[in-house]
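First up is the structure itself, then whatever we jot down about it.
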Amino acid sequence: DAKTTQPTSMDCAEGRAANLPCNHSTISGNEYVYWYRQIHSQGPQYIIHGLKNNETNEMASLIITEDRKSSTLILPHATLRDTAVYYCIVSPQGGKLIFGQGTELSVKP
Amino acid sequence: GAVVSQHPSRVICKSGTSVKIECRSLDFQATTMFWYRQFPKQSLMLMATSNEGSKATYEQGVEKDKFLINHASLTLSTLTVTSAHPEDSSFYICSATRGQGTEAFFGQGTRLTVV
């Protein structure tokens, strides 16, 4: 079973920041937090991952709470092309991923 | 990011026949590849872990004799759906990693329809 809890769906206005929360209260010390997204009928796309520290790349920022029990993925300026299902996954190794139901993000004009 | 390619992207086959799906890592050597399937409006379900040169490890409930996995090289893994039936119709997706602790990159998926 997936070890994360995410809202089923969220809306975001185009151009605004999208903040996607994820709870992982049972995360182990050696587990990373990974974020992927899946646009309809495509394979998942890697976004970002982190262990303890906040991370930022060209796609997004990842904020992990100090106790590591939750995190937030931030898309700073959402576009219509960011409409997708976003998956938050905890894993010790990055390869074997157990997907939950994810958050369906709809970016609206 | 790294590139993982699947072939074919779509396939239709007759019930009772076998179908082979290829997963290639194009610009890196993948020590481990993973196979998932996804039914409509559902999340991805891990089927098996494929390590180069060794037998695949299947998740509970996945029939190893029905879903044959071969990982003969560091850049290629294949999934063969044997004696396919309509209930095997699904979206099959592979992923690959460079090594332990690194992120996985996914192929574009293969839509299998069994008629």
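Looking at this structure, is B:Phe91 within 8 Å of chain A (Cβ to nearest Cβ), out of contact with any helix residue (DSSP H, G or I) (no Cβ under 6 Å at 6 or more places or on another chain) and buried (at least 21 other Cβ atoms within 10 Å of the Cβ)?
no
May I ask you to list the residues in the stretch B:67-95 that are assigned to a strand (DSSP E or B), touching a Ser or Thr at 6+ places or on another chain (Cβ under 7 Å) and free of Cβ contacts under 8 Å to residues at least 40 places away in the same chain?
Answer for the stretch B:67-95, where residues must be assigned to a strand (DSSP E or B), touching a Ser or Thr at 6+ places or on another chain (Cβ under 7 Å) and free of Cβ contacts under 8 Å to residues at least 40 places away in the same chain: B:Leu68, B:Ile69, B:Asn70, B:His71.
With the condition kept exactly as written, say whether any residue in the stretch A:48-55 is in contact with an Asp or Glu (Cβ under 7 Å, 6 or more places away or on another chain), at the interface with chain B (Cβ under 10 Å from one of its Cβ atoms) and within 23 Å of B:Ala2 (Cα to Cα).
Among the residues of the stretch A:48-55, at least one is in contact with an Asp or Glu (Cβ under 7 Å, 6 or more places away or on another chain), at the interface with chain B (Cβ under 10 Å from one of its Cβ atoms) and within 23 Å of B:Ala2 (Cα to Cα), which makes the answer yes.
Taking the criterion of being within 10 Å of the chain's Cα centre (by Cα), away from chain A (no Cβ under 12 Å) and more than 17 Å from B:Gly107 (Cβ to Cβ), would at least one residue in the stretch B:67-81 satisfy it?
Among the residues of the stretch B:67-81, at least one is within 10 Å of the chain's Cα centre (by Cα), away from chain A (no Cβ under 12 Å) and more than 17 Å from B:Gly107 (Cβ to Cβ), which makes the answer yes.
Give the stretch B:24-33 a look and list any residue that's at the interface with chain A (Cβ under 10 Å from one of its Cβ atoms) and either over 11 Å from the mean Cα position of the chain (by Cα) or modelled with pLDDT of 95 or more (or both), or say none.
Within the stretch B:24-33, B:Ala30, B:Thr31, B:Thr32 qualify.
Output the residue which, of all residues in the stretch A:81-109 that are among the β-branched types (Val, Ile, Thr) and under 18 Å from A:Gly50 (Cα atoms), is nearest to the other protein chains (Cβ to nearest Cβ).
Among residues in the stretch A:81-109 that are among the β-branched types (Val, Ile, Thr) and under 18 Å from A:Gly50 (Cα atoms), the one nearest to the other protein chains (Cβ to nearest Cβ) is A:Ile98.
Which count do you get for residues in the stretch A:15-50 that are in a loop (DSSP other than H, G, I, E, B) and surrounded by 14 or more Cβ atoms within 10 Å (Cβ to Cβ)?
Final tally of qualifying residues: 6.
Restricting attention to the stretch B:40-58, and to residues there that are of a type in the set (S, T, N, Q) and either within 12 Å of the chain's Cα centre (by Cα) or part of a strand (DSSP E or B) (or both), which single residue is nearest to the other protein chains (Cβ to nearest Cβ)?
Per the criteria, the residue is B:Thr49.
Consider B:Glu103 against the criteria (1) modelled with pLDDT under 95; (2) more than 10 Å from chain A (Cβ to nearest Cβ); (3) part of a loop (DSSP other than H, G, I, E, B): it satisfies all of them except one. Which criterion is unmet?
(2)
The values are calculated or read from the model by the stated rules, or taken from the named source; none is laboratory data. Here the structure is a predicted model, which is why all the values come from computation and not from measurement. Positions of Cβ are backbone-derived with ideal geometry, glycine not excepted, and every protein chain shown enters the neighbour counts.
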